[in-house]
Amino acid sequence: MKSLYACIALLLCTLVLGLTAWLAWQQTANIRVAQNKTATYLDLEKQRTAARTGLSHCEKELLKNSLILENAKATAVSHVAVQNLNILLALLGVLLLLWGLLLFILLKQRV
């Protein structure tokens, strides 16, 4: 009976482990998207700087502030995604240890 419980626990741990790994992979994708947005905003700033010659002072400041805000949003998303990734990787490590322990218990009961 104990081996049945260990098998069920191992199966559940494997399921949670896979879900956590998938979520960590999604967070790395979010980080890449945020970094690409930051690079795109920097390219936009270069283009807008070239086109600013005919604008008034207020329009120039508005463009500058909107670029700063867009860059700050992308940076904040990147920082949150990195924090989430760190948490998920720590959870992944704990789950791997638990999985190994459950596997050890299961194999020890078989012998």
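Only the coordinates and a few stated rules stand behind these numbers; no lab work does. Since we're looking at a predicted model, the values are computed, not measured. All Cβ positions, glycine included, derive from the backbone under ideal geometry; neighbour counts span all protein chains shown.
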Gained length - LEU92 relative to CYS7, 0.36 nm times residue gap less alpha-carbon distance | 28.6 nm
LEU101/ARG32 FRET efficiency (R0 25 Å; Cβ-Cβ; nearest 0.05) | 0.15
16 Å Cα-Cα reach of LYS2 towards lysines, excluding residues that sit fewer than 8 places from it in its own chain | LYS108
Among the lysines, which have Cα under 26 Å from the Cα of LYS73 when same-chain residues fewer than 8 positions away are ignored?
-> LYS37, LYS46, LYS60, LYS64
Theoretical FRET efficiency, 1/(1+(r/R0)^6), r = Cβ-Cβ of SER66 and VAL16, R0 35 Å, to 0.05 = 0.25
